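Before any comments, here is the structure.
The values are calculated or read from the model by the stated rules, or taken from the named source; none is laboratory data. Bear in mind the structure is a predicted one, so any value in this text is a computation, not a measurement. When we count neighbours, we look across all protein chains shown, and the Cβ atoms used for this are built from the backbone with ideal geometry, even at glycine.
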Amino acid sequence: MHGNAAQNTHNVVLRELLARVSAGSVLDAPCGAGHLANRMSDAGLDVIGFDIDSPVEVGKFDFRHADLSAALPMRDGAVENLVSVEGIEHLERPFEFIRECNRVLVEGGLMIMTTPNISSLRSRWRWLLTGFHNKSKYALDETNPNPLHHINMMSHHRLRYILHTNGFRMEKITTNRIKAINWLYLPLVPFVYMVSRIVIALARDDEINRPVSREILGEMMRPALLFGELMIVVARKENPSPAAATMGANQ
């Protein structure tokens, strides 16, 4: 069972989580139908689930109604780990959500986040031909907005920027699965790499950080990002969010 999550997502998230922790508290936001929250509870973790809608599966974890576009109803440093499966692309304020994740995590806390991988070659090709990314193939129904709409699709470099400027550091990037059709785009890889290197080389010194750009290019050339269905990021809280630290100093 995986609810609304893409196939194999919960398996990968649970594997990455349990490879790093064996006990402690974890916030699942959004928790969706509750499938992953219950699996984490079964693994011995103390799970709190936040979602705007009530889960289908309840009983094994502490569920609380919460709007993830607003401040999370939790004190600073309340949890040791945080999981967010296919949530950030639905939020109007992704920067604020990441800052809230930073706030409620303990120092050194672990966060695992998943989102549709629009950095894949298949998604980029769809964008070129149609103007729409994979996992967001059609125009959203603006006459009927709802929380399930993908209103903030995340490229790898954008999500990395949000995380790295708000106290997190990416430790690993993986995916839930690579569909067979995605390997059709393999011949494009050398061309994509060559063009990207040329763009970095031709940029002016005042408009680029070359070491960061090369590091990001290296990450984007990994199979998980070139061909994966979802982008699954394992990140660690290294520092308080700058915005949160400024707010604390002013209080």
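Would you check if residue 171 is within 22 Å of residue 95 (Cβ to Cβ) and in a helix (DSSP H, G or I)?
no
Just to be sure, is residue 158 surrounded by 13 or more Cβ atoms within 10 Å (Cβ to Cβ), free of Cβ contacts under 8 Å to residues at least 24 places away in the same chain and not small (Gly, Ala, Ser)?
Numbers: surrounded by 13 or more Cβ atoms within 10 Å (Cβ to Cβ): yes; free of Cβ contacts under 8 Å to residues at least 24 places away in the same chain: yes; not small (Gly, Ala, Ser): yes.
For residue 158, the condition - surrounded by 13 or more Cβ atoms within 10 Å (Cβ to Cβ), free of Cβ contacts under 8 Å to residues at least 24 places away in the same chain and not small (Gly, Ala, Ser) - is met.
Give the number of residues within the range 12-28 that are free of Cβ contacts under 8 Å to residues at least 60 places away in the same chain and within 19 Å of residue 60 (Cα to Cα). So that I can check it myself, show each step before the final result.
Within the range 12-28, the first condition is being free of Cβ contacts under 8 Å to residues at least 60 places away in the same chain, and the residues that meet it are 14-15, 18-19, 22-26, 28.
If we keep only those that are within 19 Å of residue 60 (Cα to Cα) as well, we get 14, 18, 22-26, 28.
The number of residues fulfilling the criteria is 8.
Kindly check whether there is at least one residue in the range 137-151 that is farther than 16 Å from residue 112 by Cα, in a loop (DSSP other than H, G, I, E, B), in contact with a Phe, Trp or Tyr (Cβ under 7 Å, 6 or more places away or on another chain) and at pLDDT below 95.
Looking only at the range 137-151, we keep the residues that are farther than 16 Å from residue 112 by Cα, and these are 137-151.
Those still in the list that are in a loop (DSSP other than H, G, I, E, B) too: 137-151.
Now narrow it down to the ones that are in contact with a Phe, Trp or Tyr (Cβ under 7 Å, 6 or more places away or on another chain): 138.
Applying the additional criterion that residues be at pLDDT below 95 yields 138.
Taking every residue of the range 137-151 in turn, at least one turns out to be farther than 16 Å from residue 112 by Cα, in a loop (DSSP other than H, G, I, E, B), in contact with a Phe, Trp or Tyr (Cβ under 7 Å, 6 or more places away or on another chain) and at pLDDT below 95.
Sort through 135, 172, 179 and tell me the only one that's basic (Lys, Arg), within 12 Å of the chain's Cα centre (by Cα) and either surrounded by 21 or more Cβ atoms within 10 Å (Cβ to Cβ) or under 18 Å from residue 9 (Cβ atoms) (or both).
Working: 135 fails: within 12 Å of the chain's Cα centre (by Cα); 179 fails: within 12 Å of the chain's Cα centre (by Cα).
Within the list 135, 172, 179, the selection yields 172.
Taking residue 172 as the residue in question, decide whether it is farther than 15 Å from residue 216 by Cα, in contact with a helix residue (DSSP H, G or I) (Cβ under 8 Å, 6 or more places away or on another chain) and among the basic types (Lys, Arg). Spell out how you get there, then give the answer.
Numbers: farther than 15 Å from residue 216 by Cα: no; in contact with a helix residue (DSSP H, G or I) (Cβ under 8 Å, 6 or more places away or on another chain): yes; among the basic types (Lys, Arg): yes.
Judged against the criteria, residue 172 is not a match.
Go over the candidates 232, 162, 216 one by one and state the one that is closer than 24 Å to residue 89 by Cα, among the hydrophobic types (A, V, I, L, M, F, W, C) and touching a strand residue (DSSP E or B) at 6+ places or on another chain (Cβ under 8 Å). Lay out the reasoning, then the answer.
Values: 162 fails: touching a strand residue (DSSP E or B) at 6+ places or on another chain (Cβ under 8 Å); 216 fails: touching a strand residue (DSSP E or B) at 6+ places or on another chain (Cβ under 8 Å).
It is 232.
This table checks each residue for (1) among the basic types (Lys, Arg); (2) part of a loop (DSSP other than H, G, I, E, B); (3) under 15 Å from the mean Cα position of the chain (by Cα); (4) at pLDDT 95 or above.
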| position | (1), (2), (3), (4) |
| --- | --- |
| 160 | yes, no, yes, yes |
| 188 | no, no, no, yes |
| 195 | no, no, no, yes |
| 212 | no, no, no, yes |
| 224 | no, no, yes, yes |
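Which one of these does residue 151 not meet: (1) β-branched (Val, Ile, Thr); (2) closer than 17 Å to residue 125 by Cα; (3) surrounded by fewer than 15 Cβ atoms within 10 Å (Cβ to Cβ)?
Going through (1) β-branched (Val, Ile, Thr); (2) closer than 17 Å to residue 125 by Cα; (3) surrounded by fewer than 15 Cβ atoms within 10 Å (Cβ to Cβ) one by one, residue 151 breaks only (2).
Mind counting the residues in the range 15-73 that are of a type outside the set (A, V, I, L, M) and surrounded by 17 or more Cβ atoms within 10 Å (Cβ to Cβ)?
Counting residues in the range 15-73 that are of a type outside the set (A, V, I, L, M) and surrounded by 17 or more Cβ atoms within 10 Å (Cβ to Cβ) gives 18.
If a residue must be closer than 27 Å to residue 95 by Cα, assigned to a helix (DSSP H, G or I) and free of Cβ contacts under 8 Å to residues at least 40 places away in the same chain, how many such residues does the range 32-71 contain?
Adding up the residues that qualify gives 2.
Quick check: anything in the range 188-204 closer than 30 Å to residue 4 by Cα and out of contact with any Cys (no Cβ under 8 Å at 6 or more places or on another chain)? First the steps, then the outcome.
The initial filter retains those residues of the range 188-204 that are closer than 30 Å to residue 4 by Cα, namely none.
Taking every residue of the range 188-204 in turn, none turns out to be closer than 30 Å to residue 4 by Cα and out of contact with any Cys (no Cβ under 8 Å at 6 or more places or on another chain).
Show the residue pairs meeting these rules: Cβ distance below 6 Å; 6+ apart or different chains; first residue within the range 78-90 and more than 19 Å from residue 11 (Cα to Cα); second residue crowded, with 22+ Cβ neighbours inside 10 Å and not aliphatic (A, V, I, L, M).
80/109; 88/115; 89/115
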